[in-house]
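Please treat every number below as a calculation from the coordinates, not as lab data. Every value quoted in this text rests on a predicted model; they were computed, and no experiment measured them. Glycine also receives a Cβ, built like all others from the backbone with ideal geometry; neighbour counts cover every protein chain displayed.
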Amino acid sequence: MARSNAIGKMRQIAEDKLNATDARLAHLRGVTGRSKGTLKQLLKDPMAGDLTVLHSQVLVMGYIPPARTKSGLYLTDKSTEEERFQGNCGLVIGLGTGAFKDDNIAQFNGDSLQIGDWVMYVAADGISMFIREVPCRLFSDTRILMKVTTPEIYY
């Protein structure tokens, strides 16, 4: 059975994570299409020239787990694909200029995010899309539940 381009791309990112020192690097290389560059370079503005996130929106790339478990078992394409629908953690790859700014609707009390932060969310709260065959979601800033240090501990 042939796998879709998205599953192939997710599998590539998962396998790249085996060699990456920081999971963010493998994720950013996948969504930007750039195979070169340091984490610092890719974090500056990963989607520069490709898209602009507007208003109080937050663009998040879904977390893609490693290609194999700690015991060495390789994950199936089905389990990788399921992350697209059930995943609740992701990497912030774009922020609108009004994101996390206090207004008449929401008060953030100084809380904010930066590109490259891992966050937790309810998948159904965001608009699902693919960017370069990588699953992403667009959220209103108020729909991001919390900032996390590493998504691996939530699986």
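Some points to look at:
- Kirkwood hydrodynamic radius of the chain, from the reciprocal of the average inverse Cα-Cα distance over all distinct pairs: 15.9 Å.
- Under the Karplus curve 6.51 cos²θ - 1.76 cosθ + 1.60, θ = phi - 60°, whole-Hz ³J(HN,Hα) for region 94-100, x wherever Gly or Pro sits: x, 10, x, 5, x, 5, 6
- Region 40-155 - charge dipole about Cα centre, Lys and Arg +1 at Cβ, Asp and Glu -1, debye rounded to 20: 280 debye
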